[in-house]
Amino acid sequence: MLCFVFTDIDGSTQLWAEHPHSMAEATAQLDRLVAETVGRYAGEVVKDRGEGDSHFVVFASPTSAVHACADLVAAAEIEGWPGDTVLRVRVGVHVGEADARDGDYYGLAVNQTTRIRGLGHGGQVLASQTVVEMTEHLLRDDLGFRSQGTHRVRDFARRQEIFQLVGAELPDSFPRLKTAELDSVPLGAIVIIDIVGSSGIVAGTRSDEALLRSTERWQQIVSTAFERRHAVWFRSVGDGCVATFRDPREAVEFARAVREALAVHGLGVRAGIHFGPIDVVGDDISGRSVYLAVELQRIATPGQILISPAARDLLDAAGFQTEPAGTYSIPKFGLSWDAAEA
C-alpha cells in the first residue's frame, strides 16, 4: 500500500496566457518548493511537471504524506512569487495499491487520486476516507480533517466521502467542490478522442495480462491529461474518451496533450471538438453538440484534431491560434463546415 499525492496549479492556463515569463520562473520556484517539502518527509517525486504544471508524489507513510501536503500548501500561500503571478496549489491524497512500471505507477488508486484532486480549489487539500482513517489519530495537533460530504467521483461507481485537510496555516474557506454537475453548465466544449493504432496492439497482445496493462496505460495517459485541466466531465469509451470543458482552449490543450503522450507509445489520435449546448441524460451527456463532435472525430485523419466553426470562433476571439482544415460535409445534419485544426 502506498499513499499517492497529485498537485496542480489552479487556473494555470490563464496564468500562462497573462504572465508567460513570470510563470516560467514561478513554476521552477514551485518545483524547488515541492522537492524540498517532499524530501523532508521521505517522499518520492514520480513526475516533476511531467505534464502541465502538476506533480505526482508517492509516500510510504500516509501520515508523512498529509504532513507534507499541509506544509506545501501553507508555504505556497505565503511564497513570494515573481511579478504579478500568484500560484495556488490544490492537492488530492489517496491510499491504495498500484503497479510500478518504468518509473511510474498505474492502477485505480492512482486514477482515484487525480479525480479527488480535480474536485478541489487552489489552496485546498482533499483526501479520501481511507487516508483519514489511517492518519487522523497520528497527525500533529494543528491538523485535522473536515468532511465535505459524499460525492460521485468520475469513473467510480460508488459515491465517496471526501475530506478537506484543515489547519491553522491552511486556507479554510472555498466554494463547493467541483463535482461536475453539467446541469449548471449548459454550454461547453465537447471533445471526442479515438486512439489510432490500438487495434493492432490488441491483436498482437499475447496475454490477457499484457492487454490489461496496455489498456490501463492508455487510460491513465488520457485521464491524467484530463485531470490536469479545468474540466467538467469525462468518460472512457472503448479505446478513446468523451470529455467536456467550459473553455474550448482547455479542450484543445487536452487533445494535444493526449496526442503528444500517446505518440511516445507509437499511437496516434483522431479528435473532434465542438462547442454548444450539452444535454444531460442521467449521468451521461447527449444531444446535437455531442453528435457533431463525434462526426468531426470520424472525419479526422490520424493525428488530426478537427475543430468546428463554433469552437474555432471562440478560440480566435481568445487569441488561440488554429489553422484552416478545409471544408467538410456532415450529411447527417445537412451541414457543410469550414473546419479548423490544432
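The values are calculated or read from the model by the stated rules, or taken from the named source; none is laboratory data. Predicted model only: the values in this text are computed from it and were never measured. Heads up, the Cβs are rebuilt from the backbone with ideal geometry, glycines too, and the neighbour counts pull from every protein chain shown.
Figures for the structure shown
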item	result
Residue count, the range 249-290 (criterion: of a type in the set (Gly, Ala, Ser) and exposed (fewer than 14 other Cβ atoms within 10 Å of the Cβ))	4
Candidate set: the range 252-273, residues that are without any contact (Cβ under 8 Å) to a residue 40 or more places away in the chain and not acidic (Asp, Glu); chosen: the one farthest from GLY240 (Cα to Cα)	VAL264
Any chance ALA65 is farther than 30 Å from ALA17 by Cβ, in contact with a Gly (Cβ under 7 Å, 6 or more places away or on another chain) and aliphatic (A, V, I, L, M)	yes
Residue among ALA255, ALA271 that alone is closer than 27 Å to TRP218 by Cα, in a helix (DSSP H, G or I) and within 21 Å of the chain's Cα centre (by Cα)	ALA255
Meets criteria (outside the structural domain of VAL222 (by TED's automatic domain parsing), hydrophobic (A, V, I, L, M, F, W, C) and at pLDDT below 90) for LEU108	yes
Residue ID - surrounded by the fewest Cβ atoms within 10 Å (Cβ to Cβ), chosen from residues in the range 306-326 that are part of a helix (DSSP H, G or I) and not hydrophobic (A, V, I, L, M, F, W, C)	ASP316
Selection from the range 120-137 of residues that are farther than 19 Å from ASP71 by Cβ and surrounded by 22 or more Cβ atoms within 10 Å (Cβ to Cβ)	SER128
Test: residue in the range 108-120 that is part of a strand (DSSP E or B) and touching a residue at least 24 places away in the same chain (Cβ under 8 Å)	no
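This table checks each residue for (1) over 22 Å from GLU253 (Cα atoms); (2) in a helix (DSSP H, G or I); (3) outside the structural domain of VAL222 (by TED's automatic domain parsing).
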| site | (1), (2), (3) |
| --- | --- |
| ASP8 | no, no, yes |
| THR13 | no, yes, yes |
| MET23 | no, yes, yes |
| THR27 | no, yes, yes |
| VAL34 | yes, yes, yes |
| ALA42 | yes, no, yes |
| VAL57 | yes, no, yes |
| HIS67 | yes, yes, yes |
| ALA75 | yes, yes, yes |
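This table checks each residue for (1) modelled with pLDDT of 75 or more; (2) not in a strand (DSSP E or B).
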position	(1), (2)
GLU209	no, yes
ARG213	no, yes
GLU216	no, yes
GLN219	no, yes
VAL222	yes, yes
ALA243	yes, no
